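The values are calculated or read from the model by the stated rules, or taken from the named source; none is laboratory data. The model shown is predicted, which means the values in this text are computed figures rather than measured ones. When we count neighbours, we look across all protein chains shown, and the Cβ atoms used for this are built from the backbone with ideal geometry, even at glycine. Accessible surface is based on the protein model in full, side chains and every heavy atom, while ligands, DNA and RNA are left aside. Shrake-Rupley method; radii C 1.70, N 1.55, O 1.52, S 1.80 Å.
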Amino acid sequence: MLKFYNAKDGSYSTFVHKSEMDEVFKKISNIANRIKYHTFGDIPEGDEDLNDYDKIEIVIDDVESLEEHIAKDFKGNLEVPLGPYCTSLLLENCYRSSGTDGIEYLIEHGAEINRTDILGNNALMFLINNEYMLTETKLKAAQMLLDKNININWLNTRFHTPLMEAIDCMELDMAEFLIDNGAYVICPPAQEE
């Protein structure tokens, strides 16, 4: 499966070779059968207090450079708001790293695990949209985040959960992983006409 990102319009294109079609259709069918749907009125208890709104952002792959940058530019503060979307070091590493070293370092040093940007995207959502990281590495990073209790069913401002992001980005292995760990889809309330 080949995946391309169009930076002009923010869209993804996934090309599936005909030899892979049966496997892809099976995965999609399996995901469709396993998705649990909740409406806003029946979201399970406990999900509402897991996220913290604030600021943050950055992009460094190796831990030594990351440590130096944190000490020099941020005076040791991991929670400095970065860029126009107020992301964090953890969010930026989830979005731009090709490996897990920086993510692991930031988690071990107390980065806020449920931090979001101003659009409500959490680290899982940034990880899903990472174009530099291989699927196996993404799954390892996602497990690190889950081990630290990231909110797997967080809603962003578009009413998307990480599972919905994974499906939108055709990250089928990530979608399966999220479902295996309790992810579900949120159904927005019907709009009155």
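My understanding is that a pair violates if its Cα-Cα distance is over 24 Å; which of Lys26/Lys138; Lys3/Lys36; Lys8/Lys148 do that in this structure? Provide the component values of the computation, followed by the final result.
On the way: Lys26/Lys138 22 Å; Lys3/Lys36 27 Å; Lys8/Lys148 35 Å.
Check vs 24 Å cut-off fails for Lys3/Lys36; Lys8/Lys148.
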Return the carbon/sulfur percentage of the accessible area of the stretch 69-192, one whole number, probe 1.4 Å, all protein chains in place. 51 percent
Neighbour-limited loop hits for GluC sites (Glu not before Pro), the stretch 88-177 (at most 15 other Cβ within 10 Å; DSSP other than H, G, I, E, B): Glu131
Total formal charge among the other residues, if their Cβ is under 13 angstrom from that of Glu64, Lys/Arg +1 and Asp/Glu -1: -4
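With a sphere of radius 11 Å drawn around the Cβ of Asn121, what net charge do the other residues whose Cβ falls strictly inside it have (Lys, Arg +1; Asp, Glu -1)?
So the surrounding residues net to 0.
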What accessible area, in Å² to the nearest ten, does a 1.4 Å probe give for Arg96? 90 Å²
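Starting from the stretch 105-184, pick out the chymotrypsin sites (Phe, Trp or Tyr not before Pro) whose DSSP state is loop and whose Cβ has at most 16 other Cβ atoms within 10 Å.
Working: sites: Tyr105, Phe126, Tyr132, Trp154, Phe159, Phe177, Tyr184; in loops: Tyr132, Trp154, Phe159, Tyr184.
Here the chymotrypsin sites (Phe, Trp or Tyr not before Pro) that fit, given the DSSP loop and packing criteria, are Tyr132, Phe159.
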Diffing the stretch 63-80: the Karplus 3J(HN,Hα) column from phi (6.51, -1.76, 1.60, θ = phi - 60°), in whole Hz with x for Gly and Pro, holds 5, 4, 5, 5, 4, 4, 5, 5, 5, 6, 8, 10, 6, x, 8, 6, 9, 6
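For the stretch 68-140, rounded, prolate or oblate, judged on the Cα gyration tensor with a ≥ b ≥ c (square roots of eigenvalues), a/c < 1.5 rounded, else prolate if a/b > b/c?
Oblate shape, in that a/c is at least 1.5 and b/c is the bigger or equal ratio.
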Please state the shape class of the stretch 116-193: rounded when a/c is under 1.5, otherwise prolate if a/b exceeds b/c and oblate if not, all from the C-alpha gyration tensor. prolate
Between Thr116 and residues 5 or more places away or on another chain, which pairs have amide H atoms under 5 Å apart, with H built 1.01 Å from N, and which residues are they? Asp52, Asp54
Rounded to whole Hz and in sequence order, give me ³J(HN,Hα) for the stretch 18-23 from the Karplus expression 6.51 cos²θ - 1.76 cosθ + 1.60, θ = phi - 60°, writing x for Gly and Pro. 4, 6, 9, 4, 4, 5
For Thr157 and Arg34, FRET efficiency with R0 = 35 Å and r from the beta-carbon atoms, rounded to 0.05? 0.85
Rounded to the nearest 0.05, what FRET efficiency do His17 and Val185 have when you use their Cβ-Cβ distance and R0 = 25 Å? 0.30
